[in-house]
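Before any comments, here is the structure.
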Amino acid sequence: MAETVITVKDVKIRYRYLKKISLVKSMFSLKKFAKTDYFEAIKGISFEVEKGQILGIVGKNGSGKSTLLRAIAGIFSADEGVIDLHGNSVSLMSIGVGFKRPLTGRENIYLSGMLLGFSKEKIDERIDEIIEFSELGKFIDRPVKTYSSGMHSKLAFSISAILETEIMLIDEVLSVGDAKFKKKSFEKMKSLIKDKDRTVVIVSHSTETLQKLCDNILWIHDGEMKMMGPTAEVLPKYNEFMS
Amino acid sequence: MKRFFSDIKKFGNYITYSAQSELKAEVAGSFLSWLWWILDPMLYMAVYSFIAILIFNRPEPHFPVFVFVGLNVWQFFSKSLKSSVGIISANRGIVSKVYLPKHMFVLSKMCVLAFKMFVSFGLTAVFLIFDCLFGDPVQITFRILYLIPLFVLLFIGTFAVSLFIMHFGVFVEDLSNVITVVLQLGFYVSGVFFSLENRLTGDLAILGKILTNVNPLAFIMADMRTAILGGDSFHFVAFAVWFVIASIAAILGVRLVYNFENSYVKVI
């Protein structure tokens with residue numbers, strides 16, 4: 001029996017329509033604080049992912065895929081239910097990690113690494129590899145605000161690809177940069193994903209990519225689990241449904 | 001609170017590294033910009049000297065040191081507050097990508113500001129030496145050690161207020177306007193460039209006493225000046241009371257942010 005690394009149990013996530021309020025405006029309006037509306041993005045989903053597994057999440061736009069991924073990453077907590085990562089480290093890869101624009105690329109590597117929970121020594125070990133992979137050359141010591149958008153995403157990709165965590169969550173980013181870097185990053189992704197010790201959750205609209213990479217597919221529809229099972233079973237049904 | 005301290009341990013690296021690199025970026029950003037860490041308080045002092053000497057016509061003794069202590073403390077406090085209002089949206093990129101206890105943003109910013117504050121406190125020492133050479137020398141005694149607990153109190157108190165402001169700053173869009181006005185008032189009732197107790201005399205003497213005792217910043221400034229320049233007596237009771245209040249407020253602020261931090265990302 002393989003080890004379970006992600007347990008999601010009866011998770012519900014609500015957006016509260018928390019609108020910003022204005023003190024001045026609320027002074028002049030009769031209804032002080034409008035009753036808060038709820039929007040349930042995830043309506044009770046349960047599943048488990050075993051170590052080394054690659055899970056793809058599909059669903060139409062707005063079905064709650066990214067919300068679920070962010071909740072697994074711990075960016076916001078579930079309103080109900082439990083998400084347990086069994087103590088594994090996790091990182092969410094999506095376009096553009098939060099860089100501080102006035103700081104140099106090198107400093108941002110350290111900051112991002114520390115945010116992912118790596119020690120300075122660990123980052124020292126890997127930093128050359130990151131810089132080399134990102135192909136930024138001399139630009140690594142210039143402020144990130146001087147980077148082109150391509151350079152920006154190359155750096156972001158390199159950081160999360162080289163500073164690897166036990167669980168990787170990938171939100172629709174399998175290739176960035178120019179044609180050459182795209183190929184390189186896709187190869188890197190593949191080797192990372194195929195690693196037997198790594199658990200990966202991918203959100204994507206590209207059924208072609210998921211077909212190639214995933215063991216299992218979770219299909220979410222309007223915040224509810226529609227189907228979950230081996231790729232060969234779920235994907236054809238999903239394709240049929242969407243067409 | 002246990003969680004808070006373990007988080008500080010965990011993200012301590014991040015706090016200091018981000019503070020360091022922010023300072024470095026400021027230095028690298030423009031030519032001689034570090035000079036502004038010194039010029040800024042000097043120029044402000046010139047402005048307040050002008051007002052105190054020409055308009056009030058009665059500056060406090062050891063005026064440069066007097067103003068410097070007030071200004072440094074005030075700038076640290078007010079800048080921490082002002083940057084806390086929008087600190088979550090300013091770090092939107094990070095907030096929406098990884099989990100980080102949001103207190104760390106405030107702590108990191110406060111480290112930057114504290115560093116600048118200590119740089120300009122260094123200038124105070126220069127003025128003290130200057131006074132020794134050309135004017136009436138100030139007797140520095142062991143009472144100067146009292147500055148340490150005062151700084152600790154200032155740090156805890158500022159942290160507590162900043163947390164609350166950060167929290168409400170996420171949800172209230174015009175909070176920064178309110179803060180600006182309140183800080184302006186705070187500036188004048190804290191006696192940054194004049195002594196509340198000496199200035200408010202006669203019928204108003206009681207007001208001066210109340211302001212000094214009710215406003216923690218006025219009391220911190222007054223006692224810091226006493227610690228350096230001597231003269232008045234310390235307000236030990238006020239210190240104890242404010243220390244307890246600040247600590248409780250900080251604990252409440254830490255809890256508040258832990259409870260709500262996961263909804264911040266849904267709003268910004």
Region A:118-214 - Rg and Dmax from Cα coordinates, angstrom:
14.0, 40
Quick one: order B:104, A:114, B:42 by neighbouring beta-carbon count within 10 Å, fewest to most.
B:42, B:104, A:114
Distribution of pairwise C-alpha distances over chain A, 5 Å bins, in %:
1, 6, 12, 15, 16, 14, 12, 10, 7, 4, 2, 1, 0
Binning at 5 Å from 0, report for region B:1-138 what percent of all alpha-carbon pair distances ends up in each bin.
2, 9, 15, 17, 17, 13, 10, 8, 6, 4, 2, 0
Mean shadow area (nm²) of the C-alpha convex hull around the protein assembly as shown is 29.8 nm²
Here are some pairs, A:190/B:9; A:194/B:97; A:65/B:97; A:138/B:102; A:154/B:109; which of them have Cα atoms lying more than 26 Å apart in this structure?
A:190/B:9; A:138/B:102; A:154/B:109
Can you tell me the relative contact order of chain A? Whole percent, Cα pairs under 8 Å, sequence separation 6 or more.
27 percent
Among B:123, B:256, which comes first, second and so on when ranked by fewest other beta-carbon atoms within 10 Å?
B:256, B:123
Could you give P(r) for region B:1-51, binned at 10 Å from zero, as whole percent values over all Cα-Cα pairs?
22, 26, 23, 21, 8
Top mean-square fluctuation among A:131, A:75, A:193, Gaussian network model of chain A, C-alpha springs under 10 Å?
A:75
Using the Karplus curve 6.51 cos²θ - 1.76 cosθ + 1.60 with θ = phi - 60°, what ³J(HN,Hα) values do you get for each residue of region B:217-234, in whole Hz, with x for Gly and Pro?
5, 4, 5, 4, 4, 4, 6, 5, 5, 4, 4, 8, 8, x, x, 4, 9, 6
Loop-resident trypsin sites (Lys or Arg not before Pro) in region A:60-116 with no more than 16 other Cβ atoms inside 10 Å, DSSP not H/G/I/E/B, are A:60
Find the centroid of the Cα atoms in region B:1-40 and in region A:66-89, then give the distance between the two in whole Å.
30 Å
Using only Cα atoms, locate the centre of region B:148-192 and the centre of region A:195-243, then give the distance between them in Å, rounded to an integer.
50 Å
Quick check: convex hull over the Cα atoms of region B:175-263, volume per residue in Å³, rounded to an integer?
123 Å³
How large is the helix-only mean residue ellipticity at 222 nm for the protein assembly as shown, computed as the sum of -39500 (n - 2.57) over DSSP H runs with n ≥ 4, divided by its residue count, in deg cm²/dmol to the nearest 500?
-19000 deg cm²/dmol
Arrange the following residues from fewest to most other Cβ atoms within 10 Å of their Cβ: B:203, A:128.
B:203, A:128
Taking only the alpha-carbon positions of chain B as identical scatterers, the Debye log10 I(q)/I(0) at q = 0.08, 0.14, 0.16, 0.17 Å⁻¹ comes out as -0.36, -1.06, -1.32, -1.44
Among DSSP beta bridges lying fully in chain A, give the percent that are antiparallel, nearest 5.
55 percent
Determine the sum of side-chain charges near residue A:165: Lys and Arg each +1, Asp and Glu each -1, restricted to other residues whose C-beta is under 12 angstrom from that of residue A:165.
-2
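Quick note: the coordinates plus some simple rules give every number you see, no bench work behind them. As the structure is a computational prediction, the values presented were derived from the model and not from experiment. Backbone-built Cβ (ideal geometry, glycine too); neighbour counts: all protein chains shown.
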